[in-house]
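Working notes, structure below.
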Amino acid sequence: MSMDAKNIMDDANMPASIADMIERYERLMEISRQLNSTLDLASLLRKIISAAKGLTQCEAASILLIDPATGELRFEIASNIKSQDMDNIVVPLDSIAGWVVTHGEPRVIDDVTREPSWSKRVDDTIEFQTRSLLAVPMRAHNKVIGVLESVNKIGGQRFDENDINTLTTLASQAAIAIENARLFQQSDFIAEMVHELRTPLASLKASTVLLKRPDLPKERQGDIVDMMQGETERLIRLTSEFLDLARLESGRTRLDISRFDLHALIVESADVVIPQANEKGITISTKGDKLIASADRGKIKQVLLNLLTNAIKYNKDNGEVIIVTSQTQVDGEPFIRMDVTDTGYGISKENQKRMFQKFYRVADTASKSQGTGLGLTIAKHIVEAHEGTITLESELGVGSTFSVTMPMAKK
């Protein structure tokens, strides 16, 4: 008998439980490689949730992390909870997840209705029915940083020992990966911030040296003071946007969700940039239905102002900016699509790939405007926090269209 035939017979005679365990650990090894190679925190969290659902064969999965600033336990991501709903949920330490955090041990609840510490508050908030639950601690460097949960075993089965071991192993790998991503983002962000601050600070230092010269003509003094004012304003913009981005990347920014008339917000935002548009003879027009959004009005206005400002900055004289709103669907849910189109210089295919990266500015247009290079990155984080998308289509010499989707208010 050949070795291959013997292996096939061995596999065929192998007990189902052992075969399942081996398959799980093979998948865990592959997932571990994926987690260790991912330093983007949002992408990492999505991968962990997907892995938890697949490995334990459950209906939903969630990650709860301890807020380092407040010590509160909050949902960071969940497959069955929208981000705007998570923002208002603080999980008490006398809950099941709180018990797992304080004791550092897994818990299995076969029937939550018979568990005294179970609360229906979260289920009522998200319109979901939890039946069974497996919760394990997420431990990094001998410290519990949160909880990984699997909810409702598919087929009404119970979470077994293999599920506990598998999810515990995944939670340990996930905790280390999350800490690494946080450290990378922090160090990477600080390095980028220092690099960007050096240029205006160097200009200000050189200006003070020039102003001290006794032979400096008075007319030059005015020019230097104007330049210093411009660099100071740029520093203020940089630090403000640094703070915005840091909060968004760390997940500390909470959305204030409300219903609002998107058309009214578009008109309000257009009024802000009209003086800038008039300087270049650019017209701003709107098309589409009047739709009611369900989002953070202030944050969406921030996105809209960024897109409108860019559409004017990088437009041609006497050009056009058109804002079009329409209805669409995302995973069966009603969403709004908003397109902001300009008749400007356009962006090459190569540059389009990097437009949402921090501090990126297209070389051909960088001289046309002094920006921080953070606006589109911040806009992307805001839109994705609403579970929406922001995309770009552009053609050189013709113009660009930025498309944003956001949740529409249900009737």
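Select from Phe335, Ile274, Tyr314 the residue farthest towards the positive end of the dipole of region 270-364; place +1 on Cβ of Lys and Arg, -1 on Cβ of Asp and Glu, and compute about the Cα centre. The residue sitting most towards the positive pole is Tyr314. For Glu384 and Asp271, a Förster radius of 25 Å and the Cβ-Cβ distance give a FRET efficiency of 0.35, rounded to the nearest 0.05. The residue among Leu211, Val122, Ile178 whose Cα reaches farthest toward the positive pole of the charge dipole of the chain, with charges on the beta-carbon of Lys, Arg, Asp and Glu, is Leu211.
Estimated at the nearest 10 Å², the accessible area of Val108 is 50 Å² with a 1.4 Å probe. Taking 0.36 nm per residue of separation and subtracting the Cα-Cα distance, full extension of the segment from Ala246 to Lys301 would add 17.9 nm. Database remark: amide H of Cys58 closer than 5 angstrom to the amide H of Ile154 (H placed geometrically; neighbours at sequence offset of 5 or more, or on other chains; Pro and chain starts carry no H).
From the square roots a ≥ b ≥ c of the eigenvalues of the alpha-carbon gyration tensor of region 225-346, which class results: rounded (a/c under 1.5), prolate (a/b over b/c), or oblate? It comes out oblate by the Cα gyration axes.
Tyr314 contributes an accessible area of around 60 Å² to the protein surface, as traced by a 1.4 Å probe with all chains present.
Mean residue ellipticity at 222 nm, helices only, the chain: -16500 deg cm²/dmol; runs of at least 4 DSSP H residues each add -39,500 (n - 2.57), and the sum is divided by the number of residues. Spin-label pair Gln357-Ile89: with each label point 7 Å from Cα along the Cα-Cβ axis, the two points sit 3.6 nm from one another. Note on surface exposure: Arg297, Arg27, Arg234 rank Arg27, Arg297, Arg234 by accessible area, highest first, 1.4 Å probe. Here are a few candidate values for P(r) over Cα pairs in 10 Å bins from 0, in percent: [x] 5, 24, 34, 26, 10, 1, 0; [y] 4, 18, 23, 22, 16, 10, 4, 2, 0, 0; [z] 5, 21, 29, 27, 15, 3, 0. Which one was actually calculated from the structure I just gave you? Working out P(r) over Cα pairs in 10 Å bins from 0, in percent from the coordinates points to [y].
Provide the FRET efficiency to the nearest 0.05 for the Lys218-Arg198 pair, computing r from the beta carbons and using R0 = 25 Å. So, using R0 = 25 Å, E works out to roughly 0.25. Amide H to amide H distances under 5 Å link Leu396 with Ile347, where only residues 5 or more positions off or on other chains count and H is placed in the peptide plane.
Scoring 154-163, 97-106 by mean Cβ neighbours within 10 Å over their residues and listing the highest first yields 97-106, 154-163.
Rounded to the nearest Hz, the phi-derived 3J(HN,Hα) couplings of region 387-403 under the Karplus curve 6.51 cos²θ - 1.76 cosθ + 1.60 (θ = phi - 60°) are 6, x, 9, 10, 10, 9, 10, 8, 9, 4, x, 10, x, 9, 10, 9, 10, where x marks glycine and proline.
In this label model, Ile18 and Asp110 are separated by 2.7 nm, measuring between points 7 Å along each Cα→Cβ vector.
Among the listed pairs Lys82/Lys299; Lys280/Lys301; Lys47/Lys410; Lys82/Lys349; Lys301/Lys410; Lys349/Lys380, those whose Cα-Cα separation exceeds 25 Å are Lys47/Lys410; Lys82/Lys349. In the context of the full set of protein chains, residues of the chain present 53 Å² of accessible surface per residue (probe radius 1.4 Å, heavy atoms only).
The values are calculated or read from the model by the stated rules, or taken from the named source; none is laboratory data. Computed from a predicted structure; not experimentally measured. Ideal geometry is used to build each Cβ from the backbone, glycine not excepted, and the neighbour counts take in all protein chains shown. Accessible surface areas use protein heavy atoms only, side chains included; no ligands, DNA or RNA. Shrake-Rupley method; radii C 1.70, N 1.55, O 1.52, S 1.80 Å.
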